[in-house]
Amino acid sequence: MDGKTLAEELKREIAARVKTIKERGLTPTLATVLVGDDTSSRTYVSGKRRDCEEVGIDFKLHKLSSSVTERELLGLIEKLNGDYKVHGIFVQLPLPKHINRKKVTASISPRKDVDGLHPYNVGKLWLGMYESENDLLPCTPKGIVKLLDRYNIELEGKLAVIINRSDLVGKPLAKLFLDRNATVVVCHSKTPELEKQTRTADVLVSAVGRRPSFVVSEKMVKKGAVVVDVGMNYVGGKLQGDVDFERVKEKASYIAPVPGGVGPMTRVMLLHNVLIATKLAEGA
Ligand code: NAP
C-alpha cells in the first residue's frame, strides 16, 4: 500500500481547499510548540513546516528551552488558545520529564487540538460522537483507515490484531476499527504468546518500534493477511519498520511498508486536521 502517493494526492486536495479559504480572507494557521533541543523532534518539526508550506498553511514555531516550567508552557498555550489567528496547536512530544504531558494536552482548546488527544475529542471518539471529516481524530489511526479505504479493504467481520495500546496509535485505532465492525484484539508487551494472536489476524497492525528485539516475522503472519507497519526504528541510521518486509510481503495480500506507508499518511492527516480546526473556528 503506497501511502506516499496517496498522501501527495491528498496534499493537492488540501492545497486547493486552503486556496479557497484564503480567498475568503482567512489563512489556516498551525502553531507548533517545540520544547528543548531533541534532534528527532527538531526533524519532525521541520517536516511539519515543509508540509504546511507546501499546501499554503501558515506555520508558526514557538521554541522553548528544555528548562521551561510547566506553568510557562501552559501560559503559552493559553495565549495561543485565545489567539483567533491560530487555528491549530501542536505540541511536539516528548516533553521534558518535569512537564506533565497529559496536563499540557488537556490545556489545549479542544477546537485547536489537531493531535486529537484532548479528553473532549477522545471522549467524542469513544462515544461515537464524531465524523471523520468534521472532528479532530488522532492523525496516525485516521491515516491508517484512509489508506485501507483507498485499497477498498473491508474491515467488517474481519479480525484485526493491533500490537500497541498507546493513546496515540493503538487505542484510537481499535475504536475506529470497531466502528467499522471489525473484531479487535489489542496486544502489548505483557500479551502472552503474541504469535498465537497475530497468526489469527486478517488485518495486523504493528506499532512497537523496538527493533532488533521485536520484529514481526513471516511466522507471525497468516497467509493473505493485510499487514500495516507503523513502527519506526533507526537501524544504522536507516529507517525501518517492525515488519520483516521482504519475507512478510510474500505472505500478505497487502502490506504498508516503512518508509512510504503510514508515515506520510500521518503527516497529511495533520494538515487535514488543521483544515477541520479552521472550519471549527469559523463556525465559532
Ligand atoms: P509507545 O507508546 O512506546 O508504544 C509501543 C507499544 O508497543 C506499547 O503498547 C508497548 O506495550 C508495545 N510493545 C513494546 N514491546 C513489545 C513487545 N515485545 N511485544 C508486544 N508489544 C510490545 O510508542 P507509540 O508512540 O505508540 O509508537 C509506537 C511506534 O510507532 C514507534 O516506533 C513510533 O515511532 C511509531 N509511530 C509511527 C508513526 C507514523 O506516523 N509512522 C506515528 C506514531 C508512532 P506496553 O503498552 O505494554 O508498553
* Structure fact -> Expected output for the stretch 225-248 (first residue aromatic (Phe, Trp, Tyr), partner more than 10 Å from the ligand (Cβ to nearest atom), Cβ below 6 Å, 6+ apart or cross-chain) is Phe245/Pro257
* Asked: Looking at the stretch 139-183, which of the residues that are without any contact (Cβ under 8 Å) to a residue 40 or more places away in the chain and within 14 Å of the ligand (Cβ to nearest atom) is most open to solvent (accessible area, probe 1.4 Å)?
  -> Arg165
* Scope the stretch 105-148; condition touching a Ser or Thr at 6+ places or on another chain (Cβ under 7 Å) and β-branched (Val, Ile, Thr); matching residues -> Thr140
* Structure fact -> Among residues of the stretch 249-284 being away from the ligand (no atom under 16 Å from the Cβ) and outside any helix (DSSP H, G or I), the residue least open to solvent (accessible area, probe 1.4 Å) is Ala252
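Can you name the residue in the stretch 80-122 that is in a helix (DSSP H, G or I) and basic (Lys, Arg) and is also nearest to Gly283 (Cα to Cα) among such residues? Explain how you work it out, then say what you get.
Initially, the stretch 80-122 is screened for residues in a helix (DSSP H, G or I), giving 80-82, 101-107, 110-112, 119-122.
Filter again for basic (Lys, Arg), leaving 101-103, 111-112.
Details: Arg101: 29, Lys102: 27, Lys103: 27, Arg111: 10, Lys112: 13 Å.
Only one residue fits best here, namely Arg111.
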* Name the pairs whose Cβ atoms lie under 6 Å apart, with the first residue in the stretch 184-196 and free of Cβ contacts under 8 Å to residues at least 60 places away in the same chain, the second within 6 Å of the ligand (Cβ to nearest atom) and open to solvent by 60 Å² or more (accessible area, probe 1.4 Å), and 6 or more positions between them or separate chains? -> Val186/Arg165; His188/Arg165
* Structure fact -> All-but-one check, Ser132 against (1) on the phi < 0 side of the Ramachandran plot; (2) within 16 Å of the ligand (Cβ to nearest atom); (3) small (Gly, Ala, Ser), failing number (2)
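The values are calculated or read from the model by the stated rules, or taken from the named source; none is laboratory data. Nothing here was measured: the structure is a model prediction, and the numbers come from that model. All Cβ positions, glycine included, derive from the backbone under ideal geometry; neighbour counts span all protein chains shown. SASA here: full protein model, heavy atoms, side chains in, ligands and nucleic acids out. Shrake-Rupley method; radii C 1.70, N 1.55, O 1.52, S 1.80 Å.
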